[in-house]
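Novice: One structure coming up, written as structure tokens, with questions to follow.
The values are calculated or read from the model by the stated rules, or taken from the named source; none is laboratory data. Not measured: the values here are computed from a predicted model. No Cβ is skipped: glycine too gets one built from the backbone with ideal geometry, and neighbour counts run over all protein chains shown. In case anyone asks, the SASA skips ligands and DNA or RNA and just uses the protein heavy atoms, side chains included. Shrake-Rupley method; radii C 1.70, N 1.55, O 1.52, S 1.80 Å.
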Amino acid sequence: MHPLDIRQPGTPGNAPSADAPQAAVPGAATPAPAGPAGATALGAIPAQWPRTEPADAVASAPSTPPGARGALARIGRLLPSPATTPFAFGYALLLLATSLYAQYGNPDTVDALLQGSSTDVAHLSTRPVLAIFASALWIAGGVVSPYAVAFVFVLAALEHRIGGWRTAGVFLLGHVVATLATEIPVALSVLAGHLPETSLHRLDYGISFGLMATVGALAGLLVPFLRWTSLAVVGVLLTQDLLDISDPLAAWGHPIALLVGIACWPAVRRAGRPAPTG
């Protein structure tokens, strides 16, 4: 028996060799010509059924829906990162460090640092540059304050659009202008005798003025609906602060800083990049 011969079902004996002449059978299909050696035998082996994974294995395979992946990507772009928003990322780490030290450090040392970082009239008149920059190293209320949460998203969003140097400029401009706008009247009132001299040594520090300027600048880059909605919400919150009169100077400084950011709209719009999509 030839090693490539295959017994056909229902046919006695061996099938004719591939080398022997084939007799034509009326009505029968003409057999395909033989290929290379071994092709006949291999072609006669029935194909295996495709293997399928068990239903439970397919169901248990981890997968993220495309919509969820897109949402996670958009949220990730809102957070500061060293690659895309180095200014916001580095500043956030610095504020985190100072906030943790303010909470867990030696109370006497912390109190001395905060007093030395205050942008009151006494410090602004003797060492204005140091007071301006040192006061922006602390968050009033710590990392759990609303200002800390807003800072992470707002500063990163503005840096995505206009870059780190311009974002730092907007933040510093709002911080300086609002500080001077609230402290100069105090100095004049003390000189006029309307306030006691103790008002020259008040405790004033934090990032809220710079943050309000950043919010105002970012609003100018949003679509009209989001722009005016965000400004309306912030305006309601600032009005509430004014009505509470818990800290009149800070309460007036916040809308002033917001107006500083709004005044930056022409500059940030010229430098702004399209918002990322997808």
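Novice: Can you report the number of residues in the range 142-154 which are under 16 Å from Thr98 (Cβ atoms) and aliphatic (A, V, I, L, M)?
Specialist: Pass one, the range 142-154, residues under 16 Å from Thr98 (Cβ atoms): 142-145, 147-148, 151-152.
Then keep just the ones that are aliphatic (A, V, I, L, M); that gives 143-144, 148, 152.
Qualifying residue count for the region: 4.
Novice: Surrounded by fewer than 22 Cβ atoms within 10 Å (Cβ to Cβ), aliphatic (A, V, I, L, M), farther than 17 Å from Pro128 by Cα and within 20 Å of the chain's Cα centre (by Cα) - does that describe any residue in the range 164-173? Working first, answer last.
Specialist: Here is the first cut: in the range 164-173, the ones surrounded by fewer than 22 Cβ atoms within 10 Å (Cβ to Cβ) are 164-166, 168-169, 172-173.
Okay, now just the ones that are also aliphatic (A, V, I, L, M), so 168, 172-173.
With farther than 17 Å from Pro128 by Cα added as a condition, the list becomes 168.
When the remaining residues are screened for being within 20 Å of the chain's Cα centre (by Cα), the result is 168.
Within the range 164-173, one or more residues are surrounded by fewer than 22 Cβ atoms within 10 Å (Cβ to Cβ), aliphatic (A, V, I, L, M), farther than 17 Å from Pro128 by Cα and within 20 Å of the chain's Cα centre (by Cα).
Novice: So, one more: Filter the helices (runs of 4 or more DSSP H) completely within the range 203-273 down to those with at least 3 residues that are touching a helix residue (DSSP H, G or I) at 6+ places or on another chain (Cβ under 6 Å).
Specialist: Numbers: elements: 208-219, 224-244, 248-263, 265-271.
Filter on the range 203-273 gives 208-219, 224-244, 248-263.
Novice: So is Ala181 open to solvent by 10 Å² or more (accessible area, probe 1.4 Å), more than 16 Å from Leu95 (Cβ to Cβ) and in a helix (DSSP H, G or I) or not? Steps first, answer last, please.
Specialist: Values: open to solvent by 10 Å² or more (accessible area, probe 1.4 Å): yes; more than 16 Å from Leu95 (Cβ to Cβ): yes; in a helix (DSSP H, G or I): yes.
Against the criterion (open to solvent by 10 Å² or more (accessible area, probe 1.4 Å), more than 16 Å from Leu95 (Cβ to Cβ) and in a helix (DSSP H, G or I)), Ala181 qualifies.
Novice: Select from the range 119-140 the residues that are open to solvent by 60 Å² or more (accessible area, probe 1.4 Å) and either over 28 Å from Ser199 (Cβ atoms) or touching a residue at least 12 places away in the same chain (Cβ under 8 Å) (or both) and list them in ascending order.
Specialist: Ser125, Leu137
Novice: For the range 199-212, state whether one or more residues are of a type in the set (A, V, I, L, M, F, W, C) and in contact with a His (Cβ under 7 Å, 6 or more places away or on another chain). Spell out the reasoning first.
Specialist: Of all residues in the range 199-212, those of a type in the set (A, V, I, L, M, F, W, C) come to 200, 203, 207, 209, 211-212.
Subsequent filtering for residues that are in contact with a His (Cβ under 7 Å, 6 or more places away or on another chain) retains 209, 212.
Yes, that holds for at least one residue.
Novice: If I go through the range 206-226 residue by residue, how many of them are farther than 22 Å from Pro248 by Cβ and crowded, with 16+ Cβ neighbours inside 10 Å?
Specialist: Taking the range 206-226 as the starting set, the residues that turn out to be farther than 22 Å from Pro248 by Cβ are 214, 217-226.
Checking the rest, the ones that are also crowded, with 16+ Cβ neighbours inside 10 Å come to 214, 217-222.
Count: 7.
Novice: Moving on. Would you be able to tell me the number of residues in the range 80-113 that are open to solvent by 70 Å² or more (accessible area, probe 1.4 Å), within 13 Å of the chain's Cα centre (by Cα) and not polar (S, T, N, Q)? Outline the logic, then answer.
Specialist: Restricting attention to the range 80-113, the residues satisfying the condition of being open to solvent by 70 Å² or more (accessible area, probe 1.4 Å) are 82-84, 86, 93-94, 96, 100-101, 103-104, 106-108, 111, 113.
Of the ones still in play, those that are also within 13 Å of the chain's Cα centre (by Cα) are 82-84, 86.
This time we only want the ones that are not polar (S, T, N, Q), so: 82-83, 86.
Number of matching residues: 3.
Novice: Considering only residues that are touching a residue at least 60 places away in the same chain (Cβ under 8 Å) and open to solvent by less than 60 Å² (accessible area, probe 1.4 Å), look in the range 186-204 and name the one that is farthest from the chain's Cα centre (by Cα).
Specialist: Val190
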